[in-house]
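A.B. asks: Structure below; questions to follow.
The values are calculated or read from the model by the stated rules, or taken from the named source; none is laboratory data. Only a predicted model underlies this, so the values are computations on that prediction, with no experimental measurement involved. Neighbour counts are summed over all protein chains in view; Cβ atoms, including those assigned to glycine, are modelled from backbone coordinates with ideal geometry. Ligands, DNA and RNA are stripped out before the accessible areas are found, and what is left, the full protein with its side chains, is counted by its heavy atoms. Shrake-Rupley method; radii C 1.70, N 1.55, O 1.52, S 1.80 Å.
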Amino acid sequence: MNFKLNKSFSVSNEVKYLIFFDFDETYYPHACTEEQLNSLYELEEYLNELSNEQAVKIGWITGSDLYQIVHKVERTKMVYSPHFIASNLGTEVYDVRENGQLIANKEWESRLQNSNFTSNKITELVRELNNQFRIKLVEQTQLGQKRYKFNYYYYMSSQTQTQHDLNIIRHLAKINGIGLNINRCNPNAGDPESAFDVDFIPKYTGKKEVVKFVMNLYKVPLTNTIAFGDSGNDIEMLKTVQHGYLLANATAEARSLHHKVTQSDYSKGILEVLKNIFSNMKKED
């Protein structure tokens, strides 16, 4: 692994709490205004304090690949890296060493290798959708297809037709043993208007599965788990933890699916929630 990030947050010998972050438009604000970046730096310092004093493990679970993550980290001049990264929509899991070196998680790699997920399966499925059902998926060429994640756009027509088409996509993915993520695109993150992300991934991978995997890996109870997101593909992750929050800048689709929403957007909203959660935990102790 040739990728290297900044030093990770403080590392404790034990793990009491887990915090999971979606990256784009959650931890990383695409607009990168001065106010957003100042809040991000404040969040970083607070997370480093939590890592050191409360034995917190922190991770990013993102649709971005490592190239995109490195570019965005450099753009914002972040000081710290998380303890682990689940990139490409939670199909790859990397531990981040204290010096910023990324190491692929071997147990997760074994899960991927045993998944029987191949590019041929996806090609045939997309061809069947087009030829038999007249459902056209447009490859997201700006991201490039990955070994374990294949990205497409579905452009909306009428509401009735769209729901019909999406249900067919879900059905075909299920009978072919393929994992699937479908959510409304977020133009703030560079996606087109009036479109859905359609992502094919191996079964038993994705954001929810990463959360379950990490909880089991570190033997952290549900009560001590926290997550933040902004879009439809974060909902299952948020519902898998005890404290799952959408940010105030979340998409309308996400807000319709999850009721816990921060008062403020981006890092400011995250900080408000975390300070409240850990303040209450100290009182209970």
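A.B. asks: Of the residues that sit in the stretch 208-243 and are assigned to a helix (DSSP H, G or I), in contact (Cβ under 8 Å) with a residue 12 or more places away in the chain and more than 16 Å from the chain's Cα centre (by Cα), which one is nearest to E109 (Cα to Cα)?
C.D. replies: The initial filter retains those residues of the stretch 208-243 that are assigned to a helix (DSSP H, G or I), namely 208-218, 222-224, 232-240.
Next cut, in contact (Cβ under 8 Å) with a residue 12 or more places away in the chain only: 208-215, 217-218, 222-224, 232-240.
Among the residues that remain, those that are also more than 16 Å from the chain's Cα centre (by Cα) are: 217-218, 222-224.
On the way: L217: 14, Y218: 18, L222: 25, T223: 28, N224: 26 Å.
In this case the residue turns out to be L217.
A.B. asks: Moving on. Report yes if some residue within the stretch 17-34 is open to solvent by less than 30 Å² (accessible area, probe 1.4 Å), in a loop (DSSP other than H, G, I, E, B) and either of a type in the set (F, W, Y) or in contact with a Lys or Arg (Cβ under 6 Å, 6 or more places away or on another chain) (or both); otherwise report no. Lay out the reasoning, then the answer.
C.D. replies: Looking only at the stretch 17-34, we keep the residues that are open to solvent by less than 30 Å² (accessible area, probe 1.4 Å), and these are 17-29, 32.
The next check asks that each one be in a loop (DSSP other than H, G, I, E, B); those that pass are 22-23, 25-27, 29, 32.
Adding the requirement that they be either of a type in the set (F, W, Y) or in contact with a Lys or Arg (Cβ under 6 Å, 6 or more places away or on another chain) (or both) leaves 23, 27.
Yes, that holds for at least one residue.
For (1) farther than 21 Å from S264 by Cβ; (2) out of contact with any Phe, Trp or Tyr (no Cβ under 9 Å at 6 or more places or on another chain), each residue gets a yes or a no:
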residue: K7; (1), (2): yes, no
residue: H30; (1), (2): no, yes
residue: L37; (1), (2): no, yes
residue: L40; (1), (2): no, no
residue: S51; (1), (2): yes, no
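A.B. asks: Kindly check whether there is at least one residue in the stretch 128-135 that is touching a strand residue (DSSP E or B) at 6+ places or on another chain (Cβ under 7 Å), open to solvent by less than 80 Å² (accessible area, probe 1.4 Å), more than 19 Å from G63 (Cβ to Cβ) and part of a helix (DSSP H, G or I). Reasoning before the result, please.
C.D. replies: Of the residues in the stretch 128-135, the ones touching a strand residue (DSSP E or B) at 6+ places or on another chain (Cβ under 7 Å) are none.
Taking every residue of the stretch 128-135 in turn, none turns out to be touching a strand residue (DSSP E or B) at 6+ places or on another chain (Cβ under 7 Å), open to solvent by less than 80 Å² (accessible area, probe 1.4 Å), more than 19 Å from G63 (Cβ to Cβ) and part of a helix (DSSP H, G or I).
Per-residue answers, yes or no, for (1) open to solvent by 60 Å² or more (accessible area, probe 1.4 Å); (2) touching a Leu at 6+ places or on another chain (Cβ under 6 Å):
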position: D191; (1), (2): no, no
position: G244; (1), (2): no, yes
position: A250; (1), (2): no, no
position: Q263; (1), (2): yes, no
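A.B. asks: Right, next: Scan the stretch 198-223 residue by residue and report those that are of a type outside the set (F, W, Y) and open to solvent by 20 Å² or more (accessible area, probe 1.4 Å).
C.D. replies: Residues satisfying the conditions are K203, K208, E209, K212, M215, N216, L217, K219, P221, L222, T223.
A.B. asks: Would you check which residues across the stretch 48-62 are part of a helix (DSSP H, G or I) and either aliphatic (A, V, I, L, M) or at positive phi (or both) and list them? Even if it seems obvious, please write down each step before you answer.
C.D. replies: Restricting attention to the stretch 48-62, the residues satisfying the condition of being part of a helix (DSSP H, G or I) are 48-53.
Within the stretch 48-62, just L50 meets the criteria.
A.B. asks: Do we find that E45 is at negative phi, acidic (D, E) and surrounded by fewer than 16 Cβ atoms within 10 Å (Cβ to Cβ) in this structure? Break it down into steps so the answer makes sense when it comes.
C.D. replies: Working: at negative phi: yes; acidic (D, E): yes; surrounded by fewer than 16 Cβ atoms within 10 Å (Cβ to Cβ): yes.
It is true that E45 is at negative phi, acidic (D, E) and surrounded by fewer than 16 Cβ atoms within 10 Å (Cβ to Cβ).
A.B. asks: Need the failing condition index for E209 against (1) at pLDDT 95 or above; (2) of a type in the set (D, E); (3) out of contact with any strand residue (DSSP E or B) (no Cβ under 9 Å at 6 or more places or on another chain), just the number.
C.D. replies: The single condition E209 does not satisfy is (3).
A.B. asks: To continue, here is another question. Within the stretch 165-207, which residues are in contact (Cβ under 8 Å) with a residue 40 or more places away in the chain and assigned to a helix (DSSP H, G or I)?
C.D. replies: Once the filter is applied, which keeps residues that are in contact (Cβ under 8 Å) with a residue 40 or more places away in the chain and assigned to a helix (DSSP H, G or I), the stretch 165-207 yields I169, L172, A173, N188, A189, K207.
A.B. asks: Filter the stretch 71-116 down to residues that are of a type outside the set (D, E, K, R), in a helix (DSSP H, G or I), open to solvent by less than 30 Å² (accessible area, probe 1.4 Å) and farther than 15 Å from V214 by Cβ, then give me how many there are. Explain how you work it out, then say what you get.
C.D. replies: Keep residues of the stretch 71-116 that are of a type outside the set (D, E, K, R), which gives 71, 73, 76, 78-91, 93-94, 96, 99-105, 108, 110, 112-116.
When the remaining residues are screened for being in a helix (DSSP H, G or I), the result is 71, 73, 76, 108, 110, 112-113.
Those still in the list that are open to solvent by less than 30 Å² (accessible area, probe 1.4 Å) too: 73, 76, 108, 112.
Retained after the next criterion (residues that are farther than 15 Å from V214 by Cβ): 73, 76, 112.
Total meeting the criteria: 3.
A.B. asks: Could you tell me whether the stretch 63-72 includes any residue that is at negative phi, at pLDDT 95 or above and in contact with a helix residue (DSSP H, G or I) (Cβ under 8 Å, 6 or more places away or on another chain)?
C.D. replies: Scanning the stretch 63-72 turns up no residue that is at negative phi, at pLDDT 95 or above and in contact with a helix residue (DSSP H, G or I) (Cβ under 8 Å, 6 or more places away or on another chain).
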